[in-house]
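Can you read through this structure? Questions will come right after.
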Amino acid sequence: MSRLQEDFARSPHNGSILSNSPNTTTLRRKPPGRRVPHICVVGAGMAGLRCAEILTRHGLKVTILEARDRIGGRVHQSDHLGHLADLGPNWIHGADQNPILALAEETATTTFHPEDESSSVYDEYESASIPQERSLMDYFLSSLKDQKLGEASSSLVLQMARIWGDYIGDPIEKQSLKYLWLEECIDGENLFVANTYKPILDRIAKSALTKAELHLSTKVTKVASNTKPDDGVAVSTNTNDTPLLYDEVVVTAPLGYLKRNLSIFSPPLPNQLTRAIAHISYGRLEKVYITFPAAYWTTNHANNDFFTNFLHPTYAKSQNPSAWSLECVSLAALPTNHAHPTLLFYLHGPCAAHITSLINNLPPTTPEYYTRLNAFFTPYYALLPHYSATSPSCVPAAFLTTNWQNDELAGYGSYSNFQVASSGEQVLLDSDIEALRYGAPERRVWFAGEHTAPFVALGTVTGAYWSGEAVAGRILRGYGMADGGEGDVGVVGGGGEVGKGGEGKGTGFGDGLVGL
């Protein structure tokens, strides 16, 4: 069994808690007398909500502290275009045994499979001998040299290869070839969420917030933990003068946020965690929606392709002097009830940084916002079939751009990726991910989020969901409340005591004890 397969087999959806370290020993918490354990979850994104849902379902007291004035984190929508549009994820990556797809079906969320997809990646066995400074671009360049293709063919291959940057959020010159296998996804189709993630988010939030206490606009400023096993964790925020004491703290802040805010942890996090946070990279993916009065490019339902790529567009030098390639999808190709006359462009790296610099601090309703974006994108939508500069249908009605890399609470980026490292210090990114999953349970501090997910779900909504579930299960085990499979998970007994084998049916967390 490969490293990837072994990690996947230990994922929560297979009925077991992630065993986050090969040297893990079983630790047990002493129940706090007759008081119910009180857990603080930092962040009300997908990981935090799922963690809270599991913990409250089994009787623990949960307080969620969210710095934004809303829930969802990077799963967020806007109605600026006249219809809801996802500012965060659009896709469900991998349909096989994917809990997010199950939630989509439960909530009647429409998904769309645009075309058959296939991919090949390096597993760790193939990558063991690859230098850590070698990039995906290096691989393409050496392969093209071996193939002895002509200049025109080689140029086209490289232009197509650069599209991969829209998946990782950065140029392929930065993508580690050694750790390309960490970009592998769950088996099955990749599905576009046609009517946005809102129904799925609402479903998870409803379950999580039924019993959890939620505090919005509450930014954590300090997490002070003690090394004594029976001491709690003191959490300070911008809204309270006196720190509040919790039995455990689960930090679900984005990786990019952790990189810039390690100082909130007192004492400093262990070296293996600070190294992991430094080593794992954070991508820069942005999106631009352009909606039109009508989908002029699909006249008579022809030319209704979902994907369009503008490769190395040297024809737009005034706005795009670096000739960044662009990829867009046509939302007019979605199922009828959810189709919109809208183009969605995916941008990454320097191109994304340029677009966000054009509109930063400009409200989407301002004329300047529209004018700047229209000037950049006109050369591309003008190439689509049936375009006419004099037709009202070909004049954009509105633009909407994400701006994650200028969003402090998003960590100034989008999601984790795995970039090349210098030839100096040895970097083991898979071990770094496991270190973050393990957290600092001896200090009662845990981490969850897409950056701590099973290897096949890193950087995805599914990964965030699973990570919150995994941490919740480990906390329950620590209090002796999750000793068996589904239906054999303890709940807090009557009178506020911690009990085993209480009533109710819980999520199965596998057999045996898993160390904290």
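The values are calculated or read from the model by the stated rules, or taken from the named source; none is laboratory data. Just so it is clear, the model here is predicted, and its values are computed rather than measured. No Cβ is skipped: glycine too gets one built from the backbone with ideal geometry, and neighbour counts run over all protein chains shown. Side chains included, ligands, DNA and RNA excluded: accessible areas come from the protein's heavy atoms. Shrake-Rupley method; radii C 1.70, N 1.55, O 1.52, S 1.80 Å.
Over the chain, what percent of the accessible surface lies on carbon and sulfur atoms, probe 1.4 Å?
On the way: 10640 of 21250 Å².
Percent of accessible area from carbon and sulfur atoms in the chain: 50.
Could you give me the radius of gyration and the Dmax of the range 80-197, taking only the C-alpha atoms into account and expressing both in angstrom?
Calculated on Cα positions, Rg and Dmax stand at 17.7, 52 Å.
Which one of Ser414, Gln426, Val395 is farthest out on the positive end of the charge dipole of the range 379-451, using unit charges on Cβ (Lys, Arg +1; Asp, Glu -1) and the Cα centre as origin?
Looking along the dipole axis, the top candidate is Val395.
Could you calculate, for the range 295-386, the ratio of the Cα radius of gyration to the Kirkwood radius, expressed as Rg to Rh? Provide the component values of the computation, followed by the final result.
Working: Rg = 14.1 Å, Rh = 14.3 Å.
Here the Rg-to-Rh quotient is 0.98.
How many Å² of accessible area per residue for the chain, probe 1.4 Å? Numbers along the way, then the final one.
Values: 21250 Å² over 516 residues.
Normalised by residue count, the accessible surface of the chain is 41 Å².
For the chain, what does -39500 (n - 2.57) per DSSP helix run (n ≥ 4), summed and divided by total residues, give at 222 nm, in deg cm²/dmol to the nearest 500?
On the way: 14 runs with 139 residues, N = 516.
Estimated from H runs of four or more residues: -8000 deg cm²/dmol.
Let me ask something else about it. How big is the charge dipole of the range 30-80 about its Cα centre, in debye rounded to the nearest 20, if each Lys and Arg gets +1 on its Cβ and each Asp and Glu gets -1 on its Cβ? Walk me through the numbers before you get to the answer.
Numbers: 9 positive and 4 negative charges, 83 e Å.
That gives a dipole near 400 debye.
Using only alpha carbon pairs under 8 Å that are at least six residues apart, calculate the relative contact order of the chain and give it in whole percent. Write down the numbers at each step before the final one.
On the way: 1126 pairs, mean separation 127.2, N = 516.
Reported relative contact order: 25 percent.
What nm distance separates the two modelled labels at Ser393 and Gln147, each placed 7 Å from Cα along Cα→Cβ?
So the two model labels end up 3.9 nm from each other.
Among DSSP beta bridges lying fully in the chain, give the percent that are antiparallel, nearest 5. Spell out each step's value before the answer.
Details: 42 of 59 bridges.
Expressed as a percentage, antiparallel bridges in the chain total about 70.
Looking at (i) 1.04; (ii) 0.98; (iii) 1.10, which value of Rg/Rh (Cα atoms, Kirkwood Rh) comes from a calculation on the structure shown?
Among (i) 1.04; (ii) 0.98; (iii) 1.10, the one calculated here is (ii).
Take Gln5 and Glu105, extend 7 Å from each Cα along the Cα→Cβ direction, and tell me the distance between the two endpoints in nm.
2.6
Calculate one ³J(HN,Hα) per residue across the range 187-204 by plugging θ = phi - 60° into the Karplus curve 6.51 cos²θ - 1.76 cosθ + 1.60, and present them in order as whole Hz with x for glycine and proline.
With coefficients 6.51, -1.76 and 1.60, one gets 5, x, 5, 8, 10, 7, 7, 6, 10, 6, 7, 4, x, 5, 4, 4, 5, 5 Hz.
Which listed residue (Ala194, Ile204, Ser217) has the Cα farthest towards the positive end of the charge dipole for the range 185-233, taking +1 on Lys and Arg C-beta and -1 on Asp and Glu C-beta about the Cα centre?
With unit charges placed on the Cβ atoms, the residue in question is Ser217.
When the dipole is taken about the Cα centre of the chain, and only Lys, Arg (+1) and Asp, Glu (-1) are charged at their Cβ, what size is it in debye, to the nearest 20?
Working: 40 positive and 53 negative charges, 310 e Å.
Computed charge dipole of the chain: roughly 1480 debye.
Need one number: nm distance between label points at Asp187 and Ile130, each 7 Å from Cα along Cα→Cβ, rounded to one decimal.
Roughly 2.2 nm, to one decimal.
Only four residue types carry charge here, +1 at the Cβ of Lys and Arg and -1 at the Cβ of Asp and Glu. Report the dipole size of the range 153-278 about the Cα centre in Debye, rounded to the nearest 20.
Working: 13 positive and 14 negative charges, 66 e Å.
With Lys and Arg at +1 and Asp and Glu at -1, about 320 debye.
Arrange the peptides 251-257, 360-366, 133-139 so that the one whose residues have, on average, the most other Cβ atoms within 10 Å appears first.
Details: 251-257: 25.9, 360-366: 11.3, 133-139: 18.3.
Result, highest mean first: 251-257, 133-139, 360-366.
Using +1 at the Cβ of each Lys and Arg and -1 at the Cβ of each Asp and Glu in the chain, identify which of Gly463, His76, Asn361 lies farthest towards the dipole's positive end.
So the residue furthest toward the plus end is Asn361.
Could you give me the ³J(HN,Hα) list for the range 392-406, computed from phi with Karplus coefficients 6.51, -1.76, 1.60 and θ = phi - 60°, whole Hz, x at Gly and Pro?
3J(HN,Hα) across the range 392-406, in whole Hz: x, 5, 9, 9, x, 7, 6, 10, 9, 10, 6, 8, 5, 6, 10.
Also, I was wondering about something else. Which pairs, out of Lys174/Lys198; Lys174/Lys317; Lys222/Lys287; Lys148/Lys174; Lys61/Lys222, put more than 27 Å between their alpha-carbon atoms? Show your work: numbers first, answer last.
Numbers: Lys174/Lys198 33 Å; Lys174/Lys317 24 Å; Lys222/Lys287 33 Å; Lys148/Lys174 25 Å; Lys61/Lys222 21 Å.
Listed pairs above 27 Å: Lys174/Lys198; Lys222/Lys287.
Please sort 280-293, 389-402, 336-349 by packing, taking for each peptide the average over its residues of neighbouring beta carbons within 10 angstrom, highest first. Write out the running numbers ahead of the final one.
Values: 280-293: 23.3, 389-402: 16.4, 336-349: 19.6.
Output ranking for 280-293, 389-402, 336-349: 280-293, 336-349, 389-402.
If you build the convex hull over the alpha carbons only and average its shadow over all orientations, what do you get for the range 222-326? Give it in nm² to one decimal.
It is 13.3 nm².
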